[in-house]
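Written out below as structure tokens is the structure these notes cover.
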Amino acid sequence: MTAEQRRGDAWLAVGLLLSAIISAWLGKVAGFYGENTPAFGWALVYVAALTLPLALRRRYPELTLIVVALTFFVGVSARIPEVYVSNVAIFIAMYTVGAWVPDRRRATIVRLAVIAGMFIWLLVVTFQAAIDPDGAGPSRAGLFSPFAAWMIIQFLVNAAFFGGAYFFGEKAWADARSRAVLQERTFELERERELTAAQAVALDRVRIARELHDVVAHHVSAMGVQAGAARTVLDADPTAARAALVTVESSAREALTELRQLLETLRTPDADTPAASTVRVDSLPELIAHANDNGLPTTFSVVGEPVELPELVQVNLYRIAQEALTNARRHGGPDAAADVRLRFDDGFVELEVANSGREHVAGRAGLGIVGMRERAAASGGSLEAGPRGRGGFLVRVRVPAPHSSGATS
């Protein structure tokens, strides 16, 4: 309930009060109840008690209805000549209970109690009129007398009056609930939109970090190995040192090329990152050759009949193999060797990278395995990474692939 609504209720009560005063005065002049009516001062008390409680109708809706209904009963019984505004006041009071009381059971009980009291009162008045020996009012002669018609009209009018107040109150409550639910859903959607936007930014940051890690770690690792080799043989074998430095230069150029491609993809809004990438499963032999050239003896084999893979799967498999070989070169030791197998099974493709060097280096785990797991999950598959029983380290990723016709060894 707002201050504006409270002011509106106050103005409504004042407007009805003035209207009721005019109506009571006109009714007295018109002689609605003849000469047998109380003094006009009582009419002023009656209309004040009938209309002013409506100023508090939203704060105390049930009490307002009860006060207005009792005042209406007293005023009509006392033959106060105001018959129009009083009906409007009791209609508004009953509507308010239906529209504003949050306890729907209590709202129903209060309204039904008032309606039942009014109809009991109408029955009593009708019965008194029927047995009145003076015979005032419509004629009672005949099977369906004018008095019977008048009685039926009274019941129908009251049923429509109270039924309308009850119905419109219920409808206002239902509409308010619908608006509240709609506002809540709108708020939730806005909150979810903000959360989704934040998650999208976070996912982009993770994706960028993963791509940069895979590109930089692979080439910098190779450059470190070759630079170390050049330093070792610099004095004894300048030719070998020169060849190692050429390899370092080549790795640096390749790293810059891949970084440039990655940045171009990120700067192009309509670019599809996986499709825009040049790394694919077909490029695995070049990756194996790069590993061999940089001090990690590596073999490569394909098992089964290759099938065309989605671009995202191709990029992720390539990057997983690249990261696994980088880790093997970095942590496997000087005698490490690696074996890469790409296996096409019925409905799946499996990439396995095993090395024969040390299992792992001491210290906290890096981001490489985390990135590989993320790539496997993004492709709808799973990844195993851990020490082998016979020594070394094994990385195996298995993802869904289009159905292949069979396998050959």
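Can you tell me which residue within the stretch 181-228, out of those that are at pLDDT 75 or above and either exposed (fewer than 10 other Cβ atoms within 10 Å of the Cβ) or touching a helix residue (DSSP H, G or I) at 6+ places or on another chain (Cβ under 6 Å) (or both), is nearest to R373 (Cα to Cα)?
That would be M223.
Go through the residues of the stretch 129-139 one by one and say whether even a single one is surrounded by 12 or more Cβ atoms within 10 Å (Cβ to Cβ) and either among the aliphatic types (A, V, I, L, M) or modelled with pLDDT of 90 or more (or both).
There is at least one residue in the stretch 129-139 that is surrounded by 12 or more Cβ atoms within 10 Å (Cβ to Cβ) and either among the aliphatic types (A, V, I, L, M) or modelled with pLDDT of 90 or more (or both).
Might you check whether a residue that is touching a Leu at 6+ places or on another chain (Cβ under 9 Å), among the β-branched types (V, I, T) and either within 29 Å of Y60 (Cβ to Cβ) or surrounded by 13 or more Cβ atoms within 10 Å (Cβ to Cβ) (or both) occurs anywhere in the stretch 10-24?
yes
Considering the stretch 44-65 alone, what residues qualify as being out of contact with any Ser or Thr (no Cβ under 8 Å at 6 or more places or on another chain) and more than 21 Å from G8 (Cα to Cα)?
Hits for the stretch 44-65 are L44, V45.
If you take the residues of the stretch 276-317 that are among the hydroxyl-bearing types (S, T, Y) and at pLDDT below 85, which of them is surrounded by the most Cβ atoms within 10 Å (Cβ to Cβ)?
The extreme case among them is S277.
Looking at the stretch 1-77, what helices (runs of 4 or more DSSP H) fall wholly within it and have at least 3 residues that are closer than 21 Å to W173 by Cα and assigned by TED's automatic domain parsing to the domain that holds V125?
Per the criteria, 3-30, 61-77.
Which residues, taken from the stretch 318-342, are in contact (Cβ under 8 Å) with a residue 60 or more places away in the chain and out of contact with any helix residue (DSSP H, G or I) (no Cβ under 9 Å at 6 or more places or on another chain)?
Correct list: H331, G332.
Which residue pairs have Cβ atoms under 9 Å apart, sit 6 or more places apart or on different chains, and have a first residue in the stretch 212-235 that is over 13 Å from N327 (Cα atoms) and part of a helix (DSSP H, G or I) and a second that is among the hydroxyl-bearing types (S, T, Y) and at pLDDT below 70?
Close Cβ pairs satisfying both conditions: none exist.
Here are some conditions: (1) at pLDDT 85 or above; (2) of a type outside the set (A, V, I, L, M, F, W, C); (3) within 19 Å of R375 (Cβ to Cβ). T265 meets all but one. Which one does it not meet?
Of (1) at pLDDT 85 or above; (2) of a type outside the set (A, V, I, L, M, F, W, C); (3) within 19 Å of R375 (Cβ to Cβ), only one is false for T265: (1).
The values are calculated or read from the model by the stated rules, or taken from the named source; none is laboratory data. The model shown is predicted, which means the values in this text are computed figures rather than measured ones. In this analysis, Cβ positions are derived from the backbone assuming ideal geometry, glycine residues included, and neighbour counts consider all displayed protein chains.
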